[in-house]
Amino acid sequence: MPEIYEVYALRYASYAGRQRRESLLRADPHLDGPMPLDFYIWVARSAARAVVIDTGFSAAEGVRRGRTITREPRECLALIGVDPAAVKDVIITHLHFDHAGTIGDFPSARFHLQETEMAYATGRYMCHAQCTHAYSPEIVCDMVRTVFQGRVVYHDGDAEVAPNITVHRVGGHTAGLQVVRIMTRRGWLVLASDASHFYENMETANPFPILHNMGDMYEGYRRLTALSGDSTLIIPGHYPRVMQRYPAYQSGLEHIAVRLDADPLTTQETATC
């Protein structure tokens, strides 16, 4: 039997201060207004394993960045019965501060990363402030130390991390951004991470303005569709309404932990908040 996963989105932080003009490369100034972000980590869980996708950021990093953290990522995992210390595989979609912090909470894990992303985060482009803004040197150095511990698995493009869990480099947002494809009861679900912050980015081909390569970003939208084959199974990386669209893990965890492989509660619409 093929391995089938339940997939969870765990919201650990939010940022209400972002505007449409800051979240869309082409933004009509007459339609400007709030476009808040939520911050997530994700879990793919079967009877055999739990794979964590991204590790978020700490409360201290949230203070430095002006982001409101609801609870530490490790606390979110505990809400659905996942012990970070027992997790064996963690996929890091890219090394921005909000996706690759708190890796110290996963002492037994291997971290799956595109080699291109590490080269980008430690290479010549980091001499430019516009490129470094979303990276934290402490977080990048933590990952480098983990390399020397023999706990980073580098990938070059497409790769299988576990049965029916694959990673795919799309770039665009960063040089080594990877998306994650997971087999669920509804079919192949694709965690877009920052290949598309909001549905609007990919549906209107209007990228989030933090860009390494615009062409790769546009090609990434095509890749998301090809990997899933069903737009309702593509999950954007920072869209607040994900918490409303899918059912809670259990009563009391609404807007905190939702199950992405379940049938949506609401129909998909292009929306920004």
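Would you check if Pro240 is farther than 28 Å from Tyr125 by Cβ, more than 19 Å from the chain's Cα centre (by Cα) and of a type outside the set (A, V, I, L, M, F, W, C)? The answer is no for Pro240.
Residues in the range 19-66 that are under 22 Å from Ile91 (Cβ atoms), part of a loop (DSSP other than H, G, I, E, B), touching a helix residue (DSSP H, G or I) at 6+ places or on another chain (Cβ under 9 Å) and among the charged types (D, E, K, R): Asp54 only.
Scanning the range 66-81 for residues that are within 11 Å of Leu10 (Cα to Cα) and of a type outside the set (Val, Ile, Thr) returns Arg71, Glu72, Pro73, Arg74, Glu75, Cys76, Leu77, Ala78, Leu79.
Can you tell me which condition Ser196 does not meet? The list is (1) at pLDDT below 95; (2) part of a loop (DSSP other than H, G, I, E, B), and all the others hold. Every condition holds for Ser196 apart from (1). Being out of contact with any helix residue (DSSP H, G or I) (no Cβ under 7 Å at 6 or more places or on another chain), under 30 Å from Trp188 (Cα atoms), without any contact (Cβ under 8 Å) to a residue 60 or more places away in the chain and of a type in the set (A, V, I, L, M) is a condition met by at least one residue of the range 143-158. Only one of the listed residues (Ile256, Ile234, Ile182) is within 22 Å of Ile91 (Cα to Cα), of a type in the set (Val, Ile, Thr) and touching a helix residue (DSSP H, G or I) at 6+ places or on another chain (Cβ under 6 Å). That residue is Ile234. Taken over the range 250-261, the criterion of being within 19 Å of the chain's Cα centre (by Cα) and either in a loop (DSSP other than H, G, I, E, B) or modelled with pLDDT under 95 (or both) is satisfied by His255, Ile256, Leu260, Asp261.
The values are calculated or read from the model by the stated rules, or taken from the named source; none is laboratory data. Note that this is a predicted model, so its numbers are computed, not measured. Virtual Cβ from ideal backbone geometry, glycine too; neighbours counted across all protein chains shown.
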